[in-house]
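These notes are about the structure you will find just below.
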Amino acid sequence: MERSDEWEIQYWNLNEMTHNQLRISRILKCLGEFGLEKYKRPLIEHIAREIWLNQQLGQLRTALLLYWVGVVIDDTQRSLFPLLPLQLTSRRD
């Protein structure tokens, strides 16, 4: 997963318009309902990289940690997420 050419305006919208967080929540839930669980992790990891590594999307931090990680059904994958911020910030330094 990578940024589009118009990422700056899209990220501003995502970061500033909180209703978009509900959309991400619904997307993650739908992925699970339709048997596409494997696509949740790349989306969550991309958002995490943008928050902690690229210093973008900071307004999504709470939703990511408190809710979106919890919708990953696979216990093994979900257990890796709490370590992600630490791993990303150590890469940045």
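The values are calculated or read from the model by the stated rules, or taken from the named source; none is laboratory data. Note that the structure is a prediction, hence the values are computed from the model and not measured. Cβ placement follows ideal geometry from the backbone for every residue including glycine, while neighbour counts extend to all protein chains displayed. Protein only, heavy atoms only, side chains kept; ligands, DNA and RNA dropped before computing areas. Shrake-Rupley method; radii C 1.70, N 1.55, O 1.52, S 1.80 Å.
The table below gives the values:
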read-out	value
Cross-chain or 6+ apart pairs with Cβ under 7 Å, the range 21-43 first and under 16 Å from Leu64 (Cβ atoms) and hydroxyl-bearing (Ser, Thr, Tyr), then open to solvent by 50 Å² or more (accessible area, probe 1.4 Å) and modelled with pLDDT under 95	Ser25/Tyr67
Filtered residue count, the range 29-44, keeping only those that are touching a helix residue (DSSP H, G or I) at 6+ places or on another chain (Cβ under 9 Å) and over 18 Å from Gln10 (Cβ atoms)	9
When residues of the range 37-86 are limited to those that are open to solvent by less than 40 Å² (accessible area, probe 1.4 Å) and assigned to a loop (DSSP other than H, G, I, E, B), the one modelled with the lowest pLDDT	Val72
Breaking point among (1) of a type outside the set (Gly, Ala, Ser); (2) at pLDDT below 90; (3) within 9 Å of the chain's Cα centre (by Cα), for Ile24	(2)
Residue identified as of a type in the set (Asp, Glu) and at pLDDT 90 or above among Glu2, Glu33	Glu33
